[in-house]
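Structure record follows, encoded as structure tokens.
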Amino acid sequence: MSDCPVCGAVGSQPVWAEGAFVARRCDHCSVVHVTPGADGGRGEIFSEDYYRKNYIAFEDVRLDYAQKLVARVLDLLRSSSRTRRVLEVGCGPGYYLRAFQAAGWDVVGVEPAPFARRYAHDRFGIEVYAALEEVPRDELGLVTFFDVLAHVPEPFSLLRSAVGRLAADGSVAVKTPCHSAAMFAALRLVSKVTETRGLLHVPSQICHFDAGSLRNLIRAVGFEEVKCAAIRELFLPVRWRDNAQVALYTRGLKWSGLFGMLPSMLAIGRTRT
């Protein structure tokens, strides 16, 4: 049995399985870890085609959502840092950083996907680096991970490395799907009659959090104060044919009806030990 990729503890219980994929909940930190992950094919998953079809094709919708999410972050943060510079790890094509720019912040990003990295720079003038180690060590007031930590094999190590670049009064913001024990129990039953791994984004999503395990993770990297709030996820139009779409989303931070059972959460870590 593998050690937990978040806390390193040994000991877990199976909560879901489908085909070759097994999800186990850590007995210590409660994070659910899926094996095998998508380590070998991540470049294929987050390709130019992926970003063109899922991001650029819906750029107005995504920019609108990013603006609202960033406003929610800043409201929860009530910026206590004197440094208005934000680093987004896994920034994709730069939509959230563009929203921070509009709010008056200096921005910098990390994005391993070459196409998304170039797009953020060419479209919005954002400096984006391929790896965290390449980012200049300027003082940061905020580090963000929006729908990123669930997709990396060692989220604790990545989060700790990024947080280490913060100013003394800096904060961290994490957005990720909220996959509760009840959700896994329900999907375990449904998977007996139909495939459910798409709802869990398996295999691209490796680690699954609920509010408790996300708070544990942020506290583990040194934050005493952690706020966690449920937020509305963005769902894009569904393509029935090449030129026909049915919009199943509602703009902004609102539920999209059919997909309302899939919540996300936003956690803000402040006041480091």
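Couple of notes before you dig in:
- L140 meets the conditions (1) touching a Ser or Thr at 6+ places or on another chain (Cβ under 7 Å); (2) over 28 Å from C7 (Cβ atoms); (3) buried (at least 21 other Cβ atoms within 10 Å of the Cβ) in every case but one. The failed one is (2).
- Positions within the stretch 90-118 being touching a strand residue (DSSP E or B) at 6+ places or on another chain (Cβ under 6 Å), surrounded by 24 or more Cβ atoms within 10 Å (Cβ to Cβ), aliphatic (A, V, I, L, M) and closer than 19 Å to L149 by Cβ, in sequence order: L97
- Among the residues of the stretch 156-177, those identified as surrounded by fewer than 21 Cβ atoms within 10 Å (Cβ to Cβ) and either within 13 Å of A211 (Cα to Cα) or of a type in the set (G, A, S) (or both) are S157, S161, G164, A167, A168, P177.
- When S204, S157 are checked against the criterion of being without any contact (Cβ under 8 Å) to a residue 12 or more places away in the chain and closer than 20 Å to V89 by Cα, a single residue qualifies: S157.
- From L214, L236, residue being in a loop (DSSP other than H, G, I, E, B) and either crowded, with 19+ Cβ neighbours inside 10 Å or at pLDDT 50 or above (or both): L236
- Boolean, T194 is at pLDDT 85 or above, in a loop (DSSP other than H, G, I, E, B), among the polar types (S, T, N, Q) and more than 17 Å from the chain's Cα centre (by Cα): yes
Okay, residues lined up against (1) of a type in the set (K, R); (2) at pLDDT below 85; (3) exposed (fewer than 12 other Cβ atoms within 10 Å of the Cβ):
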| position | (1), (2), (3) |
| --- | --- |
| A9 | no, no, no |
| V15 | no, no, no |
| T35 | no, no, no |
| Y50 | no, no, no |
| N54 | no, no, no |
| R62 | yes, no, no |
| A71 | no, no, no |
| R78 | yes, yes, yes |
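- Residue check for A116: touching a residue at least 60 places away in the same chain (Cβ under 8 Å) and assigned to a helix (DSSP H, G or I): yes
- Identity of the residue in the stretch 134-165, basic (K, R) and part of a loop (DSSP other than H, G, I, E, B), that ends up nearest to the chain's Cα centre (by Cα): R165
- Residues of the stretch 24-36 satisfying the condition of being more than 16 Å from L149 (Cβ to Cβ) and either basic (K, R) or touching a residue at least 24 places away in the same chain (Cβ under 8 Å) (or both): R24, R25, H28, T35, P36
- Among all positions in the stretch 128-150, there is no residue which is touching a Leu at 6+ places or on another chain (Cβ under 6 Å), among the β-branched types (V, I, T) and modelled with pLDDT under 95.
- Options A220, A173, A185: the member that is of a type in the set (G, A, S), touching a residue at least 40 places away in the same chain (Cβ under 8 Å), out of contact with any Leu (no Cβ under 6 Å at 6 or more places or on another chain) and under 21 Å from A23 (Cα atoms): A185
The values are calculated or read from the model by the stated rules, or taken from the named source; none is laboratory data. The shown structure was predicted, so the numbers you read here are calculated from the model rather than taken from an experiment. Glycine also receives a Cβ, built like all others from the backbone with ideal geometry; neighbour counts cover every protein chain displayed.
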